[in-house]
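Asks: Supplied in structure tokens, the structure appears directly below.
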Amino acid sequence: MADTGNRLRKLLESPNFDPQSYVKQLSQQSDGDRDLQEHRQKIQTLADETAQNLKKNVYKNYRQFIETAKEISYLESEMYQLSHILTEQKSIMESITQSLLSTDKDEAAKEMLVAFPKETEEVKQRTLTTLLEKVEGCKNIMETPGRYLVYNGDLLEYDADNMSQIQKVHAFLMNDCLLIATWLANRRGAVKYKYNALYDLESFAVVNVKDNPPMKDMFKILMFPDSRIFKAENSKIKKEWLEILEETKKNKVAKDKHIKEEEVPTSPVRQEVSTNPFDDDEPLDSEELVDLSPEWIQELPEDLDVCIAQRDFEGAVDLLDKLNEYLKEQPVSPRVKELRGKVDERVRQLTEVLVFELSPDRSLRGGPKATRRAVSQLIRLGQSTKACELFLKNRAAAVQTAIRQLRIEGATLLYIQKLCNIFFTSLLETAREFETDFAGNTGCYSAFVVWSRSVTKMFVDAFSKQVFDSKESLSTAAECVKFASEHCMQLSEIGLDLTFILQSLLVKDIRAALQSQKDIIIEATRHRNSEEMWRRMNLMTPEALAKLKDEMRSCGISSFDQYTGEDCWVNLSYTIVAFTKQMMAFLEEGLKLYFPELHMVFLESLREIILVAVQHVDYSLRCEQETEKKSFILQNASFLHETVLPVVEKRFEEGVGKPAKQLQDLRKSSRSVRVNPESTMSVV
């Protein structure tokens, strides 16, 4: 039998196995149904063995699967961090390369300008003069000294409203203005264009128009309140126009600024320095007052680049503090400005790296302490507001992620316990870390309070969705709210009280839950009242009677023994006993949910529930004619008015802290309506 099973297994495992041929051959060789049934049994046995072996292998390697998955997860996180570090280093190296190239280009341009200044300017002016001879109506353009041609080319102008072609133009970009000339249909000699408009470089802005076929290779010139749209021949020419226009505008601004700075020494204020006859010393140049020759200052920009690349944020900020201390009381000079410009660029790069370290996109592992390094360095850089904002955003993302990852359990109370532990523990850790990081920045504490409210709302959303939206019982909701309130009170040890915020966010759902439970109790009481026969309860067994006594004692009714009789009888109706238990349970659950905003809702719910039972008893007393049954009803009324309602009033006052006048008035009014003294004496 074992050999047959092995042969069958080898046959089924062979790579050339064909099921159809196998079945066909088997049906031809079999003598009848019995052979087929036996063969089917063999295949089924083989399948069961295979499944059992597979299951054993899975169980055997289950722990390895889990450990491998964890290792893969950790490896993924480390690879992500490594990729981020490499990307940062690449960007830093590119920025260093670009700065070195731009420095080389600037030096080469200066050398060329020094070597051939007059020839370059003369050639440009000569070229501009030659081109402008082809434009009709622009003779006065060359009267401005120092004006020369930068770039020119053909463009197509389009209507800004319907994007239809208007005309073909030729644009002349000069070092201080932009000339637009239209093509002449009937040429006269060398003249090809006609003057259309002249714009100063400071009077317009250049905007790139995104390609959206058929609108391609376009850019817009904005002159408030008008605008003009031009189309280049291809994307390369469009790019050249945009780059050269932007560069020319920058050069003009820099040139104007340089001219203004050169005019400052000629002002009369400078002459006041030498009016003192006792001042024999010549004023020293500010260049000579600041010594920037120390080696660490010369290498400071490169050292900052190295610190940023190596993620040595503390070292970078230490270098910046050292420089600021050195230049603290030094006069401002062009060399200092140049150094400041280089350093400010590194500060910007360092700030961007620190901001990314605190972004919610980064790994949220490690808790609040993992952000301390970046936060402290941002604060040292004088950006405590940004550090506070990013720190709180990071922690909000961590709290939200933790809440989302919490698995919803079948038991609501178990889920709420885990939710409260996660949320309030995170909030407590965040508050302590915030107090440590921003101890010297009291202005940031208001932001933390606002953040606490926002994350508490996030917690309440998850809490309400599980407790109130799922229509849990009022007792479960009361336990959950009580558990959350106890956790909230623990925050007072760090001076943070979110109880009011928690209550204000939960008040709507709790009010709805109380009213819903009130409606359920009233409906159940009315249903029992409709079937009321006014008969004594027979609990059948002493155990059941003892259990009922314990329940009544737990409700606060200690005198219940006087209403019990012999042989497991209770001298009360089932309706009154059931109402008492349901009423006291609602009272206890409501007190767990109670806070001042719910006072009137809770009190009015109690009043309405009691009123249903009181009215039923009073109505039965008035309508019942049989003397014995009327005496029994009177005994139930006495239990309700003299025993239950005083216990309700006392327990309410203990839980709330002030008496319930509405309940007292209800008991007094119902007692007077119940029966008059003469009727009571006659019944007895």
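Asks: Scan (1) closer than 30 Å to L498 by Cβ; (2) touching a helix residue (DSSP H, G or I) at 6+ places or on another chain (Cβ under 9 Å) for the single condition E649 breaks and write down its number.
Replies: Here E649 meets the rest and fails (1).
Asks: Using the structure shown, decide if K231 is in contact with an Asp or Glu (Cβ under 7 Å, 6 or more places away or on another chain), surrounded by 11 or more Cβ atoms within 10 Å (Cβ to Cβ) and either among the acidic types (D, E) or closer than 17 Å to N152 by Cβ (or both).
Replies: Details: in contact with an Asp or Glu (Cβ under 7 Å, 6 or more places away or on another chain): yes; surrounded by 11 or more Cβ atoms within 10 Å (Cβ to Cβ): yes; either among the acidic types (D, E) or closer than 17 Å to N152 by Cβ (or both): yes.
Spelling it out, K231 is indeed in contact with an Asp or Glu (Cβ under 7 Å, 6 or more places away or on another chain), surrounded by 11 or more Cβ atoms within 10 Å (Cβ to Cβ) and either among the acidic types (D, E) or closer than 17 Å to N152 by Cβ (or both).
Asks: Hey, L545 hits all of (1) out of contact with any strand residue (DSSP E or B) (no Cβ under 9 Å at 6 or more places or on another chain); (2) crowded, with 17+ Cβ neighbours inside 10 Å; (3) in a helix (DSSP H, G or I); (4) not aromatic (F, W, Y) but one; which does it fall short on?
Replies: (1)
Asks: Another question, then. Restricting segment 596-614 to residues that are open to solvent by 10 Å² or more (accessible area, probe 1.4 Å) and touching a residue at least 24 places away in the same chain (Cβ under 8 Å), which is nearest to S530 (Cα to Cα)?
Replies: So, considering only residues that are open to solvent by 10 Å² or more (accessible area, probe 1.4 Å) and touching a residue at least 24 places away in the same chain (Cβ under 8 Å), the one nearest to S530 (Cα to Cα) is V612.
Asks: Continuing with this model, one more query. Scan segment 515-535 for residues that are in contact with a Leu (Cβ under 7 Å, 6 or more places away or on another chain) and charged (D, E, K, R) and jot them down. Write out each step before concluding.
Replies: First pass over segment 515-535, keeping only residues in contact with a Leu (Cβ under 7 Å, 6 or more places away or on another chain): 517.
Of everything in segment 515-535, nothing turns out to be in contact with a Leu (Cβ under 7 Å, 6 or more places away or on another chain) and charged (D, E, K, R).
Asks: Spot the failing condition for M583; the list is (1) in a loop (DSSP other than H, G, I, E, B); (2) closer than 17 Å to R667 by Cα; (3) among the aliphatic types (A, V, I, L, M), and only one is missed.
Replies: (1)
Asks: When F224 is evaluated against the numbered criteria (1) modelled with pLDDT under 85; (2) surrounded by 11 or more Cβ atoms within 10 Å (Cβ to Cβ); (3) among the hydrophobic types (A, V, I, L, M, F, W, C), which criterion, by number, is the only one it fails?
Replies: Going through (1) modelled with pLDDT under 85; (2) surrounded by 11 or more Cβ atoms within 10 Å (Cβ to Cβ); (3) among the hydrophobic types (A, V, I, L, M, F, W, C) one by one, F224 breaks only (2).
Asks: Does segment 373-416 hold any residues that are under 25 Å from T476 (Cα atoms) and open to solvent by 60 Å² or more (accessible area, probe 1.4 Å), and which are they?
Replies: Within segment 373-416, Q400, R404, Q405, R407, I408, G410, L413, L414 meet the criteria.
Asks: Still on this structure, please answer the following. Say we look at segment 307-332 and pick out the residues that are under 20 Å from K90 (Cα atoms) and of a type outside the set (D, E); which of these is most open to solvent (accessible area, probe 1.4 Å)? Outline the logic, then answer.
Replies: Filtering segment 307-332 for residues under 20 Å from K90 (Cα atoms) gives 307-313, 316.
Of the ones still in play, those that are also of a type outside the set (D, E) are 307-311, 313, 316.
Working: C307: 18, I308: 5, A309: 28, Q310: 132, R311: 39, F313: 3, A316: 1 Å².
Restricting to residues being under 20 Å from K90 (Cα atoms) and of a type outside the set (D, E), the top hit is Q310.
Asks: Here is a check on your reading of the model: is K668 at pLDDT 85 or above and either in a helix (DSSP H, G or I) or farther than 30 Å from T499 by Cα (or both)?
Replies: Criteria not met by K668.
Asks: Still on this structure, please answer the following. Mind telling me which of the residues R270, R335, R348 ends up being charged (D, E, K, R), assigned to a helix (DSSP H, G or I), open to solvent by 90 Å² or more (accessible area, probe 1.4 Å) and modelled with pLDDT of 85 or more?
Replies: R348
Asks: Determine, yes or no, whether K418 is under 20 Å from the mean Cα position of the chain (by Cα), in a helix (DSSP H, G or I) and basic (K, R).
Replies: It is false that K418 is under 20 Å from the mean Cα position of the chain (by Cα), in a helix (DSSP H, G or I) and basic (K, R).
Asks: A follow-up question, please. Quick one: how many residues across segment 157-183 are open to solvent by less than 30 Å² (accessible area, probe 1.4 Å) and among the polar types (S, T, N, Q)?
Replies: Final tally of qualifying residues: 2.
Asks: When segment 496-518 is examined, which residues are found to be in a helix (DSSP H, G or I), open to solvent by less than 40 Å² (accessible area, probe 1.4 Å) and closer than 18 Å to P596 by Cβ?
Replies: Residues satisfying the conditions are T499, I501, L502, L506, V507, I510, A513, L514.
Asks: Can you tell me how many residues in segment 11-36 are open to solvent by 100 Å² or more (accessible area, probe 1.4 Å) and in a loop (DSSP other than H, G, I, E, B)?
Replies: 3
Asks: Determine whether E493 is farther than 22 Å from S605 by Cβ and part of a helix (DSSP H, G or I).
Replies: yes
Let's see how each residue does on (1) more than 25 Å from A513 (Cβ to Cβ); (2) assigned to a helix (DSSP H, G or I); (3) open to solvent by 10 Å² or more (accessible area, probe 1.4 Å); (4) basic (K, R):
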| position | (1), (2), (3), (4) |
| --- | --- |
| F423 | no, yes, no, no |
| R432 | yes, yes, yes, yes |
| A439 | yes, no, yes, no |
| Y445 | yes, yes, yes, no |
| F448 | yes, yes, yes, no |
| W451 | yes, yes, yes, no |
| T456 | no, yes, no, no |
| V460 | no, yes, no, no |
| D469 | no, no, yes, no |
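Asks: With the condition kept exactly as written, say whether any residue in segment 195-209 is touching a Gly at 6+ places or on another chain (Cβ under 7 Å) and either in contact (Cβ under 8 Å) with a residue 24 or more places away in the chain or over 25 Å from K236 (Cα atoms) (or both).
Replies: yes
The values are calculated or read from the model by the stated rules, or taken from the named source; none is laboratory data. Computed from a prediction, not measured in an experiment: that's the story for all the values here. In this analysis, Cβ positions are derived from the backbone assuming ideal geometry, glycine residues included, and neighbour counts consider all displayed protein chains. Each accessible area value is taken on the protein alone, full model and side chains, heavy atoms only, with ligands, DNA and RNA left out. Shrake-Rupley method; radii C 1.70, N 1.55, O 1.52, S 1.80 Å.
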